[in-house]
Amino acid sequence: MHRVYLDNNATTPVLPEVLEAMRPYFGDHFGNASSIHHHGQETRAAVERARESVAELLGCRPAEIVFTSGGTEADNLAIFGLVQPGDHVVTSTIEHHAVLNSCKHLQFDDRGIEVTYVPVDGRCLVDPADVRRALRPNTKLVTIMMANNETGVLQPVQEIGRICAEADVYFHTDAVQAASKIPVRVKDIGCDLLSISGHKIHAPQGVGALYVRKGTTLEPRFFGGSHERSRRAGTENVPGIVGLGNAARLALQDLENGEQLAIAALRDRLETAILDKVEAAGVNGVGTPRVPNTANIYFDYIEGEALVIALDLKGLAVSTGAACSSGAIEPSHVLTAMGLRPDRARASLRFSLGKQNSADDVDFAIQLVPASVARLRELSPLYNKTAAVSS
Ligand code: PLP
């Protein structure tokens, strides 16, 4: 069956060049990077080369990069590494669960830690003034994501960074969905901590990194050896780190070559064509800056999960932001935070493109989606043509 993958915000395929760069580290170059003999020195050099490439992508010093097992661990290290009993934290209602559930855990830990969740508006945007108003004398950390994983909407992180600097509060940003799609430079953002994940930038799953600004003291999450300058104990995942370094280097080249402009053009064509052909549909987060690859579209009168399955049966992979808990489909916390009705939030699909997608892939989706929506609406007791036309 012809298959098209438009779910690159979930994960991206490892690039052939990245796989080739990693291959020797599963074979001949197997040393433990902490060993002082030849085998260890070989892998140590590879880890440090990768650190330089990641630092170059983020515009920081190599020593400010801590390799982790992915975005979730980077977010956890930033939050639990900084926050102490009695501290106050500011975050937003649309963060990834790696941040949201970490903040919830802080609150329920009986340590007197309080968290303020700033809202977003109907465009999925945090208002920096809300962040400023939320600050208290004991605020230790503000953690606001750079790009939302469901809508792709870019948060005003530079302004938030300025507010945090003025107030002498640490600023962490989850840049997992921003890195490689737009320039991510820690100095421009003004952040102290920033998370990225390998598998969102064409490196393998299970590797990521946290930028830790020089002078920022973090309590480690793991205890063991003094790896990663005692910030993250555990023998390094050398092949994964080599993959991340190579993917970072290629991502920087692509950004310099304007590759993301081509992806944005494909995404815009997809959105325009679908909205042209489907009534009672619209883009969530439209009209604000977004990463170039993401389109989150609602199709009233259908269940998003049913549409995902229908499209998958025809060969198109997309996703919803909804989570299935205890048999019931919960509407996405991001879309409901934006003020979408629960039924509209459940009727929303995320299309996320990657560098491997072609114009033909987009044409395939443009053909398939309107027909599948029409078929599901015919079966839907909710669907009523008069309502659809007047909405
Ligand atoms: N943060 C965001 C915004 C994400 O989209 C994801 C993954 O979807 C993560 C964090 C978690 O990253 P990882 O899968 O590498 O743990």
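The values are calculated or read from the model by the stated rules, or taken from the named source; none is laboratory data. Note that the structure is a prediction, hence the values are computed from the model and not measured. Backbone-built Cβ (ideal geometry, glycine too); neighbour counts: all protein chains shown.
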In the range 191-217, what residues are surrounded by fewer than 19 Cβ atoms within 10 Å (Cβ to Cβ) and away from the ligand (no atom under 16 Å from the Cβ)?
-> Arg213, Lys214, Gly215, Thr216, Thr217
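This table checks each residue for (1) modelled with pLDDT of 95 or more; (2) in a strand (DSSP E or B); (3) under 16 Å from Gly198 (Cβ atoms).
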{"residue": "His2", "(1), (2), (3)": "yes, no, no"}
{"residue": "Arg51", "(1), (2), (3)": "yes, no, yes"}
{"residue": "Val66", "(1), (2), (3)": "yes, yes, yes"}
{"residue": "Val90", "(1), (2), (3)": "yes, yes, no"}
Expected single match for out of contact with any Lys or Arg (no Cβ under 6 Å at 6 or more places or on another chain), assigned by TED's automatic domain parsing to the domain that holds Leu376 and in a helix (DSSP H, G or I) among Arg344, Arg350 is Arg344
Tell me which residues, restricted to the range 65-120, are on the phi > 0 side of the Ramachandran plot and surrounded by fewer than 20 Cβ atoms within 10 Å (Cβ to Cβ).
-> Gly86, Asp110, Gly112
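A quick yes/no check of all residues on (1) under 20 Å from the mean Cα position of the chain (by Cα); (2) in contact (Cβ under 8 Å) with a residue 12 or more places away in the chain; (3) assigned by TED's automatic domain parsing to the domain that holds Ser230:
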residue: Met22; (1), (2), (3): no, yes, yes
residue: His39; (1), (2), (3): no, no, yes
residue: Val54; (1), (2), (3): yes, yes, yes
residue: Ile65; (1), (2), (3): yes, yes, yes
residue: Gly70; (1), (2), (3): yes, yes, yes
residue: Ala74; (1), (2), (3): yes, yes, yes
Answer yes or no as to whether Glu73 is in a loop (DSSP other than H, G, I, E, B) and within 11 Å of the ligand (Cβ to nearest atom).
-> no
Looking at Val131, is it of a type outside the set (Gly, Ala, Ser) and closer than 19 Å to Leu82 by Cα?
-> yes
Could you tell me whether Leu154 is surrounded by fewer than 21 Cβ atoms within 10 Å (Cβ to Cβ), over 17 Å from Thr216 (Cβ atoms) and either of a type in the set (A, V, I, L, M, F, W, C) or assigned by TED's automatic domain parsing to the domain that holds Gly282 (or both)?
-> no
Can you name every residue in the range 58-70 that is closer than 18 Å to Gly240 by Cβ and away from the ligand (no atom under 16 Å from the Cβ)?
-> Pro62
Gly122 passes all but one of (1) in contact with a Pro (Cβ under 8 Å, 6 or more places away or on another chain); (2) away from the ligand (no atom under 14 Å from the Cβ); (3) closer than 25 Å to Gly339 by Cα; (4) of a type in the set (Gly, Ala, Ser); which number fails?
-> (1)
Reported set for the range 343-362 where residues are over 19 Å from Glu279 (Cα atoms) and more than 23 Å from the chain's Cα centre (by Cα) is Ala359, Asp360
